[in-house]
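Q: Have a look at this one.
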Amino acid sequence: VAQKAFRRMPIAGVARLAAKHPSAKAACPTPNMGVGGCCGVRAVDDGFPSSREHCHWEPAYLKHVSLRDSCAQLQSLEREWEIVSASISQAECHGLHELRDSLQDLGSHPSCAQHPLHRQAQTLIRFLRGRDGDVRKADAMFRASMDWRHEFQVEAKIQQWRAELSAGATPRSRLFTAYGSDAEICLDKFGVPMWLMRLSVSDPAGMLREVGQDALLVNSIAKIEGMHSHLRRAMFREGKLIRGCVQIIDVGDYGDVPNWWSRMWATYNIGRPAFKVFDSNYPETTRKVFIVRMGSVTTSIYKLVKPIIPPRTNDKMRIFGHAAVAWADELRGEVPEDVDLPQFLCSDDAEALRVARPVGGMIPLGGDVPDELLRGVPAPAIDADDEAASCDPGPRGGGFFRMRRSRRGPLAIAAFGAVVVALLAFAWSTQHLDP
C-alpha cells in the first residue's frame, strides 16, 4: 500500500514530504510540477540513467518503500521531460502535457505499476505522433497498448525468451541462432544500433512451421523492445529526443537461397499479424528505412502506389535498386566517420555478397540444426569487426554482381507486389516519424 501511495504521489506531495526532512532536499531535488509527474520503482534495463548514488535520504518510516529507486526514477523523469520538451514544438509540448494528464489514472495499471510508461515523455510523444497529435486518439491507443502488454505478458515472455536464446539448448533457439536473418550491425551517429533485415535470405514459412507463430512474434517483440531501450539510453546520453533507429531491408534475389518468389509471398502473409501488433504498440521505432536491391518490377509497382502513401511515410523510406553506389553515401552518412559498415552494403563485389551476414537459409524439415552451423561465423553484432569493411563502392562493370533472373509470369508479378505491400505495411506501422 505504501509503495502504491508513493508511486502515485504527485510531485507537490513529494515536495511536502521532503520539506519535513531537510536532508532530502540536497539528495533528491524536487522537479518542477509543470514538467514531471508521478514516479515509480525503477525497472531493470528501462533506459533510465543510474543516479542511485545521489539519493541517500530514506526516512525510517519509509524503509519498506524503495525510496532510493523512486528518487532516481523521479530525477530521470524530470530530465526526460526537459529533454523532450526542448526537442519538440510548443504546440506539440502542450498536447504532450494534455496526454500525460489524461493518463494519470494508470498509475495502478499492471503495465505501469513498475514501469511508469504513462509518465515517460519519450514514450508518450511516440503515441501522440502515432495519432497525428490527436490527444483523444492517443489516449485510447496508449490504454489499449497497456492492456495488451499486460494480457500478452510482454515482460515475462521476453525475459524467458532471452534466457532461452542465450542458453541455446532448445531446438527453436538453435534455429533462430543458425537461420536468423536480421541483426544489429553497428552503431549509428547517435549510438543506436542499425537494424539489418535480410528478407533476401529468410525463410519465414519454414520458421513458422518449426517454431510457431507465438515464438516468431515474441522474438520480434524482444528485438523491438530492446531497440526502444537503446533509444531511451541514447536520449539521455545525447540530451535530445532520438526519433527512431535506422533500418536496412535487403530484398535482393541473389540465387543462393531458393524459392525467392514464394518466400517473399510468405513474408507478406506471415507478417500481417505482426504488422498489426507493431502498428498498435510500437509507433516511432524507425526514423529512416533503406530498402535495397529491389528489382525493376518491384520498383515500378512502388511508383504506382506511391501517390496513395502518406507523405510522412514517403519521407522516411529510401527505395533503391541493385547497385550499392546509389545508397552507399547516404547510408554512410548515418554512421560516424570511424565506423565501418559491412562490405556487401557498400559494394556489389561478388565476394562481399558471398560472405554477407546473416546467412539465413531454408529451414530444414524437423528443425534439426547441424552443429557446424552453430559453430560457424556469427552474424555481425554492434561490436564485431570481422565483417567491417570500407564503404568505397566497387568499380562498375565486371566486379559487380548480376541479379538472378527468373521468368516473370503472373506469379512473379504477384510476388513482387507482395514484397511491396509487405514493405509498405511495415513502414506504415512506423510511419509517424521524421527522417
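Q: Within segment 251-286, can you find the residues that are farther than 30 Å from L353 by Cα, open to solvent by less than 40 Å² (accessible area, probe 1.4 Å) and touching a Leu at 6+ places or on another chain (Cβ under 9 Å)?
A: The first filter runs over segment 251-286 and keeps only residues farther than 30 Å from L353 by Cα, leaving 273, 276-284.
With open to solvent by less than 40 Å² (accessible area, probe 1.4 Å) added as a condition, the list becomes 277-278, 281-284.
Those that are farther than 30 Å from L353 by Cα, open to solvent by less than 40 Å² (accessible area, probe 1.4 Å) and touching a Leu at 6+ places or on another chain (Cβ under 9 Å): V277, P283, E284.
Q: Let me spell it out: the conditions are (1) within 20 Å of the chain's Cα centre (by Cα); (2) part of a helix (DSSP H, G or I), and S111 meets all of them except one. Which number is the exception?
A: For S111, the exception is condition (2).
Q: Within segment 237-250, identify whether any single residue is within 14 Å of I363 (Cα to Cα) and either surrounded by 21 or more Cβ atoms within 10 Å (Cβ to Cβ) or of a type in the set (A, V, I, L, M, F, W, C) (or both), and answer yes or no.
A: In the first step, residues of segment 237-250 are kept if they are within 14 Å of I363 (Cα to Cα); the result is none.
Checked segment 237-250: no residue is within 14 Å of I363 (Cα to Cα) and either surrounded by 21 or more Cβ atoms within 10 Å (Cβ to Cβ) or of a type in the set (A, V, I, L, M, F, W, C) (or both).
Q: From (1) at pLDDT 85 or above; (2) closer than 27 Å to D348 by Cβ; (3) in a helix (DSSP H, G or I), pick out the condition that doesn't hold for R287.
A: (3)
Q: Moving to a separate point now. What helices (runs of 4 or more DSSP H), lying completely within segment 115-191, carry at least 1 residues that are touching a residue at least 12 places away in the same chain (Cβ under 8 Å) and open to solvent by 30 Å² or more (accessible area, probe 1.4 Å)? Show your work before the answer.
A: Values: elements: 121-130, 135-152, 154-167, 171-179.
So the answer is 135-152, 154-167, 171-179.
Q: A follow-up question, please. Taking the condition hydrophobic (A, V, I, L, M, F, W, C) and either touching a Lys or Arg at 6+ places or on another chain (Cβ under 7 Å) or in contact (Cβ under 8 Å) with a residue 24 or more places away in the chain (or both), does F344 pass?
A: Numbers: hydrophobic (A, V, I, L, M, F, W, C): yes; either touching a Lys or Arg at 6+ places or on another chain (Cβ under 7 Å) or in contact (Cβ under 8 Å) with a residue 24 or more places away in the chain (or both): no.
Answer is no for this residue.
Q: Shifting gears a bit: Could you grab me the full set of residues in segment 161-183 that are at pLDDT 95 or above and acidic (D, E)?
A: The one that is at pLDDT 95 or above and acidic (D, E): E164.
Q: Among the residues that make up segment 222-238, is at least one of them without any contact (Cβ under 8 Å) to a residue 24 or more places away in the chain and within 30 Å of V84 (Cβ to Cβ)?
A: Step one: list which residues in segment 222-238 are without any contact (Cβ under 8 Å) to a residue 24 or more places away in the chain, which gives 226.
From what's left, within 30 Å of V84 (Cβ to Cβ): 226.
Checked against the condition, which is being without any contact (Cβ under 8 Å) to a residue 24 or more places away in the chain and within 30 Å of V84 (Cβ to Cβ), segment 222-238 yields at least one hit.
Q: When you go through G394, G366, G376, G360 one by one, which is the residue that is in contact with a Ser or Thr (Cβ under 6 Å, 6 or more places away or on another chain), at pLDDT 50 or above and not hydroxyl-bearing (S, T, Y)? Walk me through how you get there before you give the answer.
A: Details: G394 fails: at pLDDT 50 or above; G366 fails: in contact with a Ser or Thr (Cβ under 6 Å, 6 or more places away or on another chain); G376 fails: in contact with a Ser or Thr (Cβ under 6 Å, 6 or more places away or on another chain).
Just a single option satisfies the conditions, and that option is G360.
The values are calculated or read from the model by the stated rules, or taken from the named source; none is laboratory data. Source: prediction; values computed, not measured. Methodologically, a virtual Cβ is constructed for each residue, glycine included, from the backbone with ideal geometry; neighbour enumeration extends over all protein chains shown. Just so you know, the surface numbers come from the protein's heavy atoms only, side chains and all, with ligands and any DNA or RNA stripped out. Shrake-Rupley method; radii C 1.70, N 1.55, O 1.52, S 1.80 Å.
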